[in-house]
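All remarks here apply to the structure that follows.
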Amino acid sequence: MKRTYLVTGGAGFIGANYVKHLLSTYDDVQLVVLDALTYAGNYGTIANDIDGQRCVFVKGDICDQLVVASLFEQYPISVVVNFAAESHVDRSIVNPRLFLETNILGTQNLMDVARASWSTGKDENGYPTWKEGVRFHQVSTDEVYGSLGATGYFTETTPLDPRSPYSASKTSADLIVKAYSETYKFPATITRCSNNYGPYHFPEKLIPLIIKNILEGKPLPVYGDGTNVRDWLYVEDHCKAIELVIRKGKAGEVYNIGGHNEKQNIEIVKLTIDTIRQLMEKEPEYRKALKTDISTVSYGLITHVQDRLGHDKRYAIDPGKMKAELGWYPETNFEQGIVKTIRWYLENQEWVNEVTSGDYQTYYERMYTHH
């Protein structure tokens, strides 16, 4: 029997990789992709996956109850995977309200429509009963935990301590999901991941931005002294983990997904520069992606800029629960993953040029003020 998934935010970075993972891995799935196609959602990323039958696309907002309800009426949706979110911390500092509306009320709207569609009545205690096999999955972030010191890891029991409008909105959404799970016994799970990287990442996040700027000979903006630490997770490993939680995870539970790849931001920038130089020296055909001379691919491009407001110092996730209960462990170490990622960007410059048209450049001129 085919399972029908509603994948929200499926034209974004992680969502698009998840769509591709499902279609290439499972024969028994039908996908309905819902995306508002804001600046970070790009239809071209999944255009080849949309066939109108096994995978259909609908442009729409998760906050729009009529749109979401119509999808549940039209398709036998049994799984909702909610990637849809405003996700860039810098943008949340500029416009918090948009993040609160999409990330909190959008999540609540999805769950309310799913509740109405999946409910089969009530049990002897008055709790709702649900169709067999249904699952709502909320994709969250390690940023809900706040900031770590030099040691230690986030676990599923770490107190929530968001520090930015973005992380506050994701924390709120998680709490709404947990509340529905407790109040209605709603069949939901939550995953909180560390920083993702890999193909189809919109070039305002660190790694794709650095790759793009290196190829254009532009300054590489590094916040503050560059010693902020993030745990990096290759996006394909993340997609496999999400699907494992949906299929085998326990309803009502939270699962942390981490890459065990802690790096300072300045390390990431230097490693990216070194890797691009090495690739171009070994495989000169990659030089066609350069819009400047290879001699400019150096640490001289690094430009320290004013630190982000409320910039969390360190994130690191303990994925022990995923390993112990579901047998998952990240397969891709950072040194392998960054080479795969850079190769993809060098070979897909048309995609980069397409998604960075529009207001992208003016936004960055506004955000990064050199000092």
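FYI, it's all coordinate maths here, none of it is from the lab. Bear in mind the structure is a predicted one, so any value in this text is a computation, not a measurement. A quick note on method: Cβ atoms are made from the backbone with ideal geometry, for glycine too, and the neighbour counts reach across all protein chains shown.
Across segment 282-298, computed HN-Hα scalar couplings (Karplus, 6.51 cos²θ - 1.76 cosθ + 1.60, θ = phi - 60°) run 7, 10, x, 5, 5, 5, 5, 6, 6, 9, 8, 7, 4, 5, 7, 6, 8 Hz from first to last residue, x flagging Gly and Pro.
I want the antiparallel fraction of DSSP beta bridges within the chain, as a percent rounded to 5. Let's see the in-between values first.
Numbers: 7 of 46 bridges.
So the antiparallel bridges amount to about 15 percent of the total.
Under 17 Å of direct C-alpha separation, and excluding same-chain neighbours fewer than eight residues apart, Lys291 reaches these lysines: Lys212, Lys218.
Before rounding to the nearest 500, sum -39500 (n - 2.57) across all DSSP H runs of length at least 4 in the chain and divide by the residue total; then give [θ] at 222 nm in deg cm²/dmol.
-12000 deg cm²/dmol
Rounded to the nearest 10 degrees, the angle from helix 106-118 to the longest Cα principal axis of the chain is 30 degrees. Restricting the trypsin sites (Lys or Arg not before Pro) of segment 131-233 to loop positions (DSSP other than H, G, I, E, B) with no more than 14 neighbouring Cβ atoms within 10 Å leaves Lys131.
When only alpha carbons are used to place a centre, segment 188-212 and segment 35-91 end up 18 Å from one another.
Close amide H contacts of Ala188 (hydrogens built in the peptide plane, cut-off under 5 Å, sequence separation of 5 or more or a different chain): Phe136, Gly252. Among Asn353, Asn196, Asn213, the largest mean-square fluctuation in a Gaussian network model of the chain (Cα springs under 10 Å) belongs to Asn353. 3J(HN,Hα) along segment 185-201, derived from phi through the Karplus expression 6.51 cos²θ - 1.76 cosθ + 1.60 where θ = phi - 60°, amounts to 6, 5, x, 10, 10, 10, 10, 10, 10, 7, 4, 8, 8, x, x, 6, 7 Hz, with x in place of Gly and Pro. Spin-label model, Lys288/Val305: points 7 Å from Cα along the beta carbon direction are separated by 3.1 nm. In plain terms, if you count all Cα to Cα distances in segment 281-337 and split them into 10 Å steps from zero, the share in each step is 14, 22, 26, 26, 11, 0 percent. The angle separating the long axis of helix 206-216 from the principal Cα axis of greatest extent in the chain is about 40 degrees. By definition, a body whose alpha carbon gyration tensor gives a ≥ b ≥ c is oblate when a/c is 1.5 or more and a/b is not larger than b/c, and segment 18-149 fits this oblate description.
Measuring r between the beta carbons of Ser70 and Glu331 and using R0 = 35 Å, the FRET efficiency lands at 0.35. For Lys170, the lysines whose Cα falls under 22 Å of its own Cα, not counting residues fewer than eight places away in the same chain, are Lys178, Lys185, Lys205, Lys240, Lys250, Lys313, Lys321.
Across segment 80-133, the relative contact order, built from alpha-carbon pairs under 8 Å that are at least six residues apart, equals 21 percent.
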